[in-house]
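Here's the structure, in structure tokens; my notes come after.
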Amino acid sequence: MSSTETVLSIAIALLIALFLGFIFWVQRKESKKEEEAKILKGTNVTLQLQAYERLTLLVDRIALPNLIARVNEPGLSAKEMQLLLNQSIKQEFDYNITQQIYVSSNAWVAVKNLKEQNMLIINQMANVLPANATGLDLNKMLLEFSMNDERGNMHEVVSEALSYEAKQLL
């Protein structure tokens, strides 16, 4: 074999090696991208599930019976209790407001509507009570409403909807 043929053979071998190296590098780069995408997707699902958990807890905390049990303070007037109940709902909602970016718009609207509905019910009930009514009177009226009117149990519907959507992620 002549020196020209040897150089040509070495050049061809180098070109083949470079080509194979390039293909290996491209495949490795794609594999790394796919792995990063899987990690990102897993992180997103985790964040979404955590958001659904937090919103389910929020819904439970602003459900009228649970809210009354948690914030009940003896000796308050109906107006003071109305203010306390509404403030508690607002605080709970505001604390969890960022969760809306991780859940569906339908889920967020349902939670928001529950908040608004509960505040409306509290305000309507407080407005029909006499001026000298106590917080206990308001709480009794709200509890009776939640036991006798399906709107008083809207939190159960919202909780079920959140649970359904969370299960779709699994």
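The values are calculated or read from the model by the stated rules, or taken from the named source; none is laboratory data. Remember, it's a predicted structure, so these values are computed and weren't measured experimentally. Cβ: placed from backbone, ideal geometry, glycine included. Neighbour counts: every protein chain shown.
General observations
- Failed item in (1) farther than 28 Å from Leu169 by Cα; (2) under 11 Å from the mean Cα position of the chain (by Cα), with Thr98 passing the rest: (1)
- Single residue of the range 1-40 satisfying the filter (among the acidic types (Asp, Glu) and closer than 30 Å to Tyr102 by Cα) that is farthest from the chain's Cα centre (by Cα): Glu30
- Top-ranked residue of the range 55-88 - restricted to ones that are of a type in the set (Lys, Arg) and more than 16 Å from Met125 (Cα to Cα), ranked as surrounded by the most Cβ atoms within 10 Å (Cβ to Cβ): Arg61
- Residue satisfying all of: in the range 132-170; part of a loop (DSSP other than H, G, I, E, B) and modelled with pLDDT of 95 or more; nearest to the chain's Cα centre (by Cα) among these: Ala133
- Beta carbons closer than 9 Å, at least 6 apart along the sequence or on distinct chains, pair a first residue in the range 153-170 that is farther than 11 Å from Val111 by Cβ with a second that is outside any helix (DSSP H, G or I) for Asn153/Ala63; Glu156/Ala63; Glu165/Val103; Glu165/Ser104; Ala166/Val103.
- Single residue of Thr6, Thr46 found to be more than 30 Å from Gly135 (Cα to Cα), at pLDDT 85 or above and either in a helix (DSSP H, G or I) or of a type in the set (Ser, Thr, Tyr) (or both): Thr46
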